[in-house]
1. Within the bounds of segment 268-276, is there any residue that is assigned to a strand (DSSP E or B) and within 14 Å of the chain's Cα centre (by Cα)?
2. Does residue 328 satisfy the condition of being crowded, with 24+ Cβ neighbours inside 10 Å and farther than 18 Å from residue 258 by Cα?
3. Checking the conditions here, which among 84, 114 is closer than 23 Å to residue 188 by Cβ and in contact with a strand residue (DSSP E or B) (Cβ under 8 Å, 6 or more places away or on another chain)?
4. Report the residue count in segment 189-210 for those that are farther than 21 Å from residue 137 by Cα and in a strand (DSSP E or B).
5. Which condition number in (1) at pLDDT below 50; (2) touching a strand residue (DSSP E or B) at 6+ places or on another chain (Cβ under 6 Å) is the one that residue 469 fails?
6. Residue under question is residue 443, and the condition is that it be out of contact with any strand residue (DSSP E or B) (no Cβ under 8 Å at 6 or more places or on another chain), assigned to a loop (DSSP other than H, G, I, E, B) and at pLDDT 55 or above; does it hold?
7. Could you list, in sequence order, the residues of segment 211-229 that are part of a strand (DSSP E or B) and either surrounded by fewer than 24 Cβ atoms within 10 Å (Cβ to Cβ) or in contact with a helix residue (DSSP H, G or I) (Cβ under 7 Å, 6 or more places away or on another chain) (or both)?
8. Enumerate the strands (runs of 3 or more DSSP E) found wholly within segment 314-433, keeping only those where 3 or more residues are modelled with pLDDT under 95.
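The values are calculated or read from the model by the stated rules, or taken from the named source; none is laboratory data. These numbers come from a predicted model, not from an experiment. Here the Cβ positions follow ideal geometry from the backbone for every residue, glycine too, while neighbour counts run over all protein chains shown.
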């Protein structure tokens, strides 16, 4: 069984603290420029002398870019800031040089490509802010070139807001990477960072890259033609939140070949044509999309919308497991309020999910001969007769369960523990203990050889490992035991203490256990349910 905790542990460099080159102890009068007494010219003098670490204090308004041709660290002391006054790029590196930016603000940079930074080498950004930078072409704030190789890009604890690429050309062609652009096949990891109100006229409102992972990051209110927040060939979202992003295709994410969402939340993203949250290169998906393959584990998709196809997800094939879908929608003429399979004869495995909404139209849609293989433990608010794309339903899968019975009268995303917001189940919810152990055993982030090839390609450049094992956890890293709960939220000890006895669920469990496993083990399963408080840990 694959778990978000095991996956995170296996991702190696992703999320790990990079080895930064400097801290305040590396700053002295010989390599520090203070805006109160120095100028941008003094900074350039240090760069011309190949100073490895340059420390800045105060705000500097530039009239030309700071240029360097050696490996460089720019370190901000008190209120360190570079301001381009919308007239110039801020920092420009020579071929093959690496750059580390720490504790700095970079604002109002402007250039043809890379309004704040242009670099043709490895780039590390830590605890820095990029605000209102712009480019005539790609890379509103940062452009990482690949002339001399495939650089590594690491972004941690940083904020990008209001950065933008150039506009559409002739109303069709445009530019990509509103905040960051790189087509490098090297590692590209984003951790603990925020991207807000960045825009691109073509692909990747905030980020454009080849293989990109985001961990514990928030991408909100970004916009583009495709991939409102992020565009990549291969991508993984780990415990991240994508909200209120918009695009024509892939409101939040557009992934050309492979996309994985682990422990992430997609809310309020929208696509004006297809792919509200995630979309393939050809079609749509409201929450998250991957042309070729799409996988989701312990993730939440709420209020994502697309006009035509896939209110939350559009993909060709893959697996969606232990995830919650609530009130994702397409227009009345569209198909697949939650998921749409775009390719003919495509297949998606579904296991232990909640598909719910007040809209009575089908949650699942597909092109001709496309099917959903039901591994069990899914709970639908719609009727079985409505879900025509679903192959023979598993005996444990439930239909026609109302939103109120699942989540209560007013379900809302809430900080229930963990990194991302979730939708809590209520006592007596039909989703509680709906997922048989046999279904859990089939959850695998690499169900097909094609998916394995894509995941291996992502791993080779970003240390992402899809196949991981360990104890079952929900989106909040709360342990799942025995019969798990459908969706991303496991109704645990804290909820039991708050809501009292769970006699309704115990009775339902006894009936299900008798049906699936034989009445001889039903009593034992009910007893296990009642003893959860003693056998499980709750991690808030």
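1. Step one: list which residues in segment 268-276 are assigned to a strand (DSSP E or B), which gives 270-274.
Adding the requirement that they be within 14 Å of the chain's Cα centre (by Cα) leaves none.
So far as segment 268-276 goes, no, none of its residues is assigned to a strand (DSSP E or B) and within 14 Å of the chain's Cα centre (by Cα).
2. On the way: crowded, with 24+ Cβ neighbours inside 10 Å: yes; farther than 18 Å from residue 258 by Cα: yes.
Yes.
3. Working: 84 fails: closer than 23 Å to residue 188 by Cβ.
One residue alone meets the criteria, 114.
4. We begin by selecting, within segment 189-210, every residue farther than 21 Å from residue 137 by Cα; these are 189-194.
In the following step, the residues that additionally are in a strand (DSSP E or B) were identified as 189-191, 194.
Going through segment 189-210 one residue at a time, the tally reaches 4.
5. The one condition residue 469 does not meet is (2).
6. Details: out of contact with any strand residue (DSSP E or B) (no Cβ under 8 Å at 6 or more places or on another chain): no; assigned to a loop (DSSP other than H, G, I, E, B): yes; at pLDDT 55 or above: yes.
Against the criterion (out of contact with any strand residue (DSSP E or B) (no Cβ under 8 Å at 6 or more places or on another chain), assigned to a loop (DSSP other than H, G, I, E, B) and at pLDDT 55 or above), residue 443 does not qualify.
7. First, pick out the residues of segment 211-229 that are part of a strand (DSSP E or B): 211-215, 218-220, 223, 226.
211, 213, 218, 220, 223 - these are the residues of segment 211-229 that are part of a strand (DSSP E or B) and either surrounded by fewer than 24 Cβ atoms within 10 Å (Cβ to Cβ) or in contact with a helix residue (DSSP H, G or I) (Cβ under 7 Å, 6 or more places away or on another chain) (or both).
8. Working: elements: 318-321, 324-326, 339-341, 347-351, 354-356, 364-366, 371-376.
It comes to 318-321, 347-351.
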